[in-house]
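Here the structure comes first, spelled out in structure tokens, and everything after it is commentary.
The values are calculated or read from the model by the stated rules, or taken from the named source; none is laboratory data. Predicted model, so just to flag it, every value in this text is computed and none were measured. Note that each Cβ is placed from the backbone with ideal geometry, even for glycine, and that neighbours are counted across all protein chains shown. All accessible areas refer to the heavy atoms of the entire protein, side chains included, with ligands and DNA or RNA removed. Shrake-Rupley method; radii C 1.70, N 1.55, O 1.52, S 1.80 Å.
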Amino acid sequence: MPTFEFPIEPAAREWLRQFANVVRSFAKTATEAVTNSDSSYKRKLAVADASGLVSEILACPKGTRLDSAALRSRLAKAAPREIQIHLYTAKGHERPPRSCDIVDFAEGMAPSEVEAGFRFFAADKSAVSKGRPGRSLFGRGVSDVLLGHKEGELLTYKDGVLTHAKFAFDTKLGKPRVTGTSTASPSKKQLTDAHLKPGENGTCIRFLLSEDCAIPDEGTVIPLLTRFYMLRLINSDPNVSVRVFRYRAGGKVYDDVLDYDFPVGDVIGRFSSEMAVPTELTKIAFSPLQVDGAVCRADVEALLKGRESRDNRENGLLLVDENDAVLDLTFLPDFEGAPYLTKVFGVVRLSGIRPVLEHYLNVGKESPLTTTRDGFEPRHEFTQFLFAQLRKHLEPTYRKEGERQKKSDTQKLSAGATQRLNDAMRQLNKYLNELLGSGTDGDNGEGETKGNYPFNSLATHDAGSRALYESHIVWQRPTHGYLPPVKGIFPHI
């Protein structure tokens, strides 16, 4: 009996779907490479994954002022780390327009490490990262960038050897392929062409931005990268300098450093508790999560940008783990878009959640955290459990903020509308006196109309006088007929 065997390969279009969400966003594209560089620096220098800012924020008691700039000044000083983003948007700089290079001077990679890091797409890379993956969870961040965009290249220098790897789709096989070379003792020009430095390990991730990826306008690219939620904790680390070089027309080069501070505001909610992970969801036992949160209200005139601004969002709660890995930016689904939360922001730290997320990945189940870098998947059973537990802590603060906003809006309405209503009432009184013949004394010059309708001030009307006023008008109608519409009596009430 004839037998046969063959592997099942994903179609090329399925590979392309893997990268679609990342390559459409410049902020997400930059984040993948920048966070990878940040983690590499921390391994090289043996510094903690978390900078300490989240702990400083969570230590602020309810009712106190939050000033993250002041908190940052208290963070431990460590060796400075520089990450560079080179964005080419014009000709004349020896790189084609839409080119992007993201560079660090951290560990660098040997040829064997390049193969170990990229041979298996979306594999667990903890061994490659020496047990310290930093913010990486899915094992695919840089692969997404190099394969999702065009002409992806990795130039990495370690211990005197420059490795140059090219990433592309094999049109015959319909799947990704990496080809490369390694050069011992490269020339200075070879290194400087990749923004690397002789005698200093480092890596350059180089690619041509996909047509699906819109390059932010000159005036918006720095604000976008500065406050993009997945980069905030890196940009706020006083030991990290993320420099953005923009290569523009006329040979001009602009250089800016990303520097982020949370809005200055008041801490309006604080909580801390343990959260047991239900085994009926995970099928194996995990240690309880330690959950700590701080909810703040920004002391600003303008509203913070909300979820409708997508990558530019400013409000919401930053959900992080103990390694400063940013997981989501949300108020929880039921509260997204609530008008009374437009100035609210904060941090929730979920210590111990990483093993749970890795478990879902390693057993082949859909992860509660999306690979699209859009945060938690609301329909996932673990996400629903997690958000339900967080809601118990957050809803009381949200409701109080809603009541505060309602009271404030009422006060503003009363102050702003009372004068207009009073003016309209005086006009109505005068008109009724003239129309119904119930008084001829007219206005006394102080805004009071004498006669049978002395209701000039909205503030002085009690319920009884209003009822009498309304009943008197109705009573007069059989004699005088229905009142005709009076144009301009109630302008803009």
Q | Within straight-line cross-link reach of K392, aspartates and glutamates at Cα separation under 15 Å, skipping those fewer than 8 residues along the same chain | A | E274, D292, D334
(Q) Quick check on packing: order 183-196, 24-37, 105-118 by the mean number of other C-beta atoms within 10 Å, highest mean leading. (A) 24-37, 105-118, 183-196
Q. Going through segment 236-324, which chymotrypsin sites (Phe, Trp or Tyr not before Pro) have at most 10 other Cβ atoms within 10 Å and a DSSP loop state?
A. none
Q) Between segment 159-220 and segment 270-318, what's the alpha-carbon centroid distance in Å? A) 36
Q) Can you give the Kirkwood hydrodynamic radius of segment 344-433 from its Cα pairs, in Å with one decimal? A) 17.9
Q.
Suppose accessible area is computed on protein heavy atoms with a 1.4 Å probe; arrange K44, K158, K150, K406 from highest to lowest.
A. K406, K44, K150, K158
Q: Can you spot the lysines whose alpha carbon is less than 20 Å from K197's alpha carbon? Ignore those fewer than 8 places along the same chain.
A: K42, K44, K158, K188, K189
Q.
So if I take the alpha carbon set of segment 256-347, get Rg, then get Rh from the Kirkwood formula, what is the Rg over Rh ratio?
A. 1.03
(Q) Normalised by the empirical 2.2 N^0.38 Å for globular proteins, what value does the Cα Rg of segment 216-369 take? (A) 1.23
(Q) I'm a student and want to see the number: the projected area of the Cα convex hull of segment 347-391, averaged over all directions, in nm². (A) 3.4
